[in-house]
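I'd like to ask some things about the structure below.
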Amino acid sequence: MSSSEKEHTGGPVGDLPAVAPQLRSLRRRAGLTLEAAARDAGLSPAHLSRLETGQRQPSLPMLLALARVYGTTVSELLGETVADRDAIVRAGDMEPTHAGGWTYWQAGASGRGMQALRVRVPYGSQGDIVRVHPGEEWLYVLRGRLRLRLGDATHVLAPRDSAHFDSLTPHRLAAEDQDGVELLFVHTLLQSPTAALCLGPITGEMP
């Protein structure tokens, strides 16, 4: 079992009821076997099978990985639709989703190349996960302080600070304070079938 798979060892999915059937349906639509999809997403076939049957809850990084592999968006994985790609997303329509300890709200229309989220990261959640994937990311700190590691450099971002970086730079996000951090988060995933998403712990503690 990889480090990304160890994040969730709990019971059946409760917060994301639409994910399990969507994962299976989108994998089949992409013409991928369970083994091929799991390999491309950095998961074991057994773990992907548990995600597809609702026995495990995917983390946000896992959703991003699977969205890239299936050539779709996190919104579609979650079964969310926005009629005719409505340009306006009302606050009342932003239902919270819980994954991997994070809470996030879709802040943009589904089916777009650029995905916008409002994200709450609790203290200690996914703090050992390093992400590397194609695309770009932009984030803006709304509340709290974010500890952002980019390559070998570590930055602490306060409210109204932002960061914009190439997602191929190894990066790690964690809340600096016990109260957690809230972000606006925009990412693009270059949907290449040969691109790899790498998830795993870094050696040692973040300075």
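Got a sec? Which of Leu43, Leu51 is among the aliphatic types (A, V, I, L, M), modelled with pLDDT of 80 or more, closer than 21 Å to Ser25 by Cα and assigned to a loop (DSSP other than H, G, I, E, B)?
On inspection, the qualifying residue turns out to be Leu43.
For the range 25-40, name all the residues that are surrounded by 15 or more Cβ atoms within 10 Å (Cβ to Cβ), at pLDDT below 90 and among the charged types (D, E, K, R).
Listed by number, the list holds a single entry, Asp40.
The values are calculated or read from the model by the stated rules, or taken from the named source; none is laboratory data. What you see is a predicted model, and the numbers here were worked out from it, not measured in a lab. Every residue, glycine as well, gets a Cβ built from its backbone with ideal geometry; the counts of neighbours run over all protein chains shown.
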